[in-house]
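The next block holds one structure in the form of structure tokens; read it before the comments.
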Amino acid sequence: MQTSAHTLLKFLTLSPLHSKPYQTHLHNLFLPNSTLSSLAKNPTFNTSHQFFHLLRRTCSWKSLRELHGALLVSGLIKDHSFVVETVHKYLTFGCPALALSTYNTAHNPTLYLQNLVIRCFSEHGFYHELLGLYGRSRIRSDNFTFPLVIKACAAICSLRAGKEVHCMVLRSGYGGNVGIQTALVDMYAKTGQIEASRKVFDQMPNRDLVSWNAMILGYSSNGFGREAFEAMRGMQLDGFKPNSGTFISIVPICSSSGSLDVGESLHGFALKCGALNDEALLPTLISMYAGFHNLSSARLLFDMQHTKDFVAWNAMLSAYAQNRKSEKALEVLKMMHHEGIRPNLITFVSVLPSCHNLFSIHLSESIHAIVIRLGFADQVSLIAALVSMYAKLGELNSAEYLFHGSPEKNILLLNSMISGYLINKEWSAALYTFHYIHLEGIAPDAVSLVSIVSACKSTKNALLGKSVHAYSTRNGFDSNLNVANALLALYSDCDQISASLKLFQTIKFRNVISWNTIVSGFANIRDAKTSLALFCSMQQEGVRFDLVTLVGLLSGLTHFEDLVNGKSVHSLSIKSGCDSDTSLTNALISMYANCGDIGSSQVLFEDAPIKSIVSYNALMTGYRRNNSFEEVMVLYQQMVMDGQTPNAVTLLNILPICESQVQGKSIHGYAVRNFFTSESTLLTSCINMYARFDNISYCRLLFKMVDETNIVGWNTIISAFAQSNHSEEALTYFRKMLEIELKPDTYTMLALFSACSQLKSMDMAQCLMGFTVRKGLMDSNTSVANSLIDMVARCGSISLAKEIFEGVKEKDSITWSVMINAFGMHGNGEAALDLFHAMKETGLDPDEITFISILSACSHAGLVDHGKMLFNSMLEDHHIVPRMEHYACMVDLFGRTGHLDEAYELVTTLPFKPSSSLLESLLGACHCHGHAEIGEAVGKLLIKSKPFSSSSYVMLSNIYAAAGKWGDNERLRCDMDVKGVYKDAGVSLIKSI
């Protein structure tokens, strides 16, 4: 101590602290009631020993703050012993920023003081703050400093910081210290650099048992089970006998590898080595057996132990709780009572989740009563656990009663209450409780800030999140990685990825969670290139990726349809051993399916050892996106047979492919019975389904259930009206949407353009065009401009369509295709061809849609030779395999121009089954040109394709009648009567003008 007792006595004599009123105030402020009277009567109170004792007995954060102030005023804080104890107290109350501030005010800090303070930060788990303190320190380090700093690097998995400290060790000449080398072995292993860990270990001239155990633990924690056992054999060859620490390190390998036999062998070996005499090994073995659900062996091992400490009892209790055997966990608690063993705080903290698992409020209240009877009711840590339990059971009133009735409210209790509000989605109450922390003068900790950031994230309140960010920076939490990671997630979820990236770049020691958040953030906004670049930077920085990294990366590649990089990630997952995880398998199924490789999706699905509902939905979505509707229904039936219950995602896959309204109603009914009926995604999907079957009345009813502020709902109903040719009603709903001041988006305008195209109203088209230009929607989105060109052309103004086309600054292939199609609709085939050639001259290659447009233009203009040449050039020059639509254009071209033989030959040589619309087009051409022979052949194909469609029979009947084949006509009519196919009665609609 730098300040002697004599100096302290002199100071107390000369200062106001000596006055009796101030002494009494100190007693009442800092000391429990049981010790007040004895210390107040003690004549030697004014000694450094008593004042130091007073500091150590401080039991509240508020008291500590006031005592710290007194020490600052008196100058006693210059004594290094007071500095260390004050730092320790602040860390006990979870206030690392104030602890750092206390250390920074120390007078002439020494290496010894630095080591003591660093040890305090290490023991309390504030590793980020420890590294920050060490990084700013200018005091040299020794063999006591380095192990603690290296341990901190290992704790936060910061390889970069660990390497820097390793370099400092080598430069300072401590590279041969066994303790430091052991810490380096542990650090490299915990950051995933097992080769570097082994290299340091091999260079150690004098290994001890602790060094061997560190190496074994490194292999074990990184999944190198074989190497861990080899290291264990090497340790024995080196003359060291395994101890309990050795077995504690190696036994978990058995759980991770699923090798119960090996675990039992290790159990026997530990017994032979006498390691079981150490009570520390018993909980590890119990946990191993519990991990294999072998609770009988765990219980036998527990029962055979003659002397059981609290850790063993709590391990057995936790084993039952872990396997959701809540009744057995409570049975262990009863046994403790019968054995006369008084449960401790850890016991109750372990057993309380069992009450939650049983969803029993009565049992919870019984445990609560035992807590009160045993005298733990005033323990704030246990009150916090009870608050958490009641909140998870939905008994928020009970949780609040305990919270408000607590005699002391520390940060742990406040955090439990905030967490309870978050669980019950009471965001406002959580924010108010955080504000209450300030009113009570309690300093929030990192857990408080993470909870509040989580509330901001759930409510998408980026502004409040920024306020919390500013508060964390002002109060020294900017170096706390958990807070930084929570803020990263907040900004990403609130679509502020630039703010997230800016924050990410300021984090000095980033862990895998930081990288995962930023990688997934860019993947979610479909920026796969940046996501991949960040992943590469993560690898270069030495941070080991995990399962979450790969899943996040795959989501971006799925949207980007990047099959090449997707396969690379798949390969990486196999090499890292993550490919067996169900969540990663599901992500891979989605990636392959979305990239068009549905075969690989099927293989992954069939090989998956565990198929969850997500697995079925992933493959089902893939089938639907690839228009394999029959496979969707087959997979749905398989899913039901396997005992999987369909969820909302399943229904969202089935509703768009329902073949009849009856089937759609069945799915809708199932959704109403089993899901939240006002869920917007299901409602909008049902609206789309009924719109396909022209059931507009149901669409209106469902729309009334949608939140009127939901833009997706408005877009869906407007699109449904447009799809069902209720164009005027679509415009009416658009006006209603504007009346409630809901801002239309791109999808709104696209649906309105479709409705206007049906009305063929140039006046309405110009109004919509003016609205689009005034709102700036055309300049910001090329798809709006493309749809606008198509609408104007369909409403009759090819000149205006061309003017809009020429005004588009960034034309894509669809822009050119739409204008080519517009010329085709207006019968100007030559202009369409000129535009097609102009498109190629710009360097833009035509795609499948472009060829459909130009072939359709040739069909409308009757340009047979040009059509043939373009159709042949698709595969030869552009490597585009013709689809059904391209063949339909060619059949229509041949049919219009009377080349029926060529049309029929094309139909008979199709590489796939011809569509009904294609056959109907050719049959109509045969009727127009009076070609009964080909018409009869095509008609039979059409009847075979649609055996119960009256239109097919009627068209063929008309051809027979035109050719005078009345006998064939009569046989066809009889065939219709036998099959029960009836022609719809004709209807005449007369609209007065």
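Readers should treat all values here as calculations from the given coordinates under stated rules, not as data from a laboratory. Keep in mind the model is a prediction, meaning the values are calculated, not measured. Backbone-built Cβ (ideal geometry, glycine too); neighbour counts: all protein chains shown.
Okay, here's what the table says:
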item	result
Added length on full extension, which subtracts the Cα-Cα distance from 0.36 nm per residue, K529 to D378	48.8 nm
Cα→Cβ-extended label distance, 7 Å offset, between R171 and N475, nm	3.6
Dipole of the chain, positive direction: furthest Cα of V332, M705, I804, with charges on the beta-carbon	V332
Two-site label geometry, R324 and H878: point separation in nm, points 7 Å out along Cα→Cβ	5.6
Modelled FRET efficiency - R0 56 Å, V262 with K460, Cβ distances, 0.05 increments	0.70
Segment D278-E885, extension gain: residue separation times 0.36 nm, minus the distance between their alpha carbons	210.8 nm
Whether the range 825-913 is rounded, prolate or oblate, judged on the alpha carbon gyration tensor where a/c under 1.5 counts as rounded	oblate
For Cα Rg over 2.2 N^0.38 Å, calculated from these coordinates, the label among (i) 0.98; (ii) 1.17; (iii) 1.26	(iii)
Simple Cβ-charge dipole of the range 137-272, Lys/Arg +1 and Asp/Glu -1, about Cα centre, in debye nearest 20	440
Three-way shape label, the range 166-294, alpha-carbon gyration tensor, a/c 1.5	prolate
Neighbour-count order for S576, S366, fewest beta carbons within 10 angstrom listed first	S366, S576
Shape call, the range 128-192: gyration tensor on alpha carbons, a/c limit 1.5	oblate
Förster-model FRET efficiency, 22 Å R0, E164 and Q540, C-beta, rounded to 0.05	0.90
Gain on full stretching of the segment that runs from V954 to C928 - 0.36 nm per residue minus C-alpha separation	7.9 nm
Sites R673 and K78 - FRET efficiency at Förster radius 56 Å, r taken between beta-carbons, to 0.05	0.15
Table column - 3J(HN,Hα) (Hz), the range 285-301, Karplus curve with 6.51, -1.76, 1.60, x for Gly and Pro	5, 4, 5, 4, 5, 5, x, 8, 6, 8, 6, 5, 5, 4, 5, 4, 4
Residue order, fewest to most surrounding Cβ atoms within 10 angstrom, among M336, M633	M633, M336
Whole-Å distance, taken between Cα centres, linking the range 648-720 and the range 210-238	59
Cβ-based charge dipole, the range 521-642, positive-most Cα from Q638, G542, N565	G542
Residues T815, T530, sorted so that the one with the fewest Cβ neighbours within 10 Å comes first	T530, T815
Distance between modelled label sites at R140 and Q236, nm, 7 Å Cα→Cβ extension	4.5
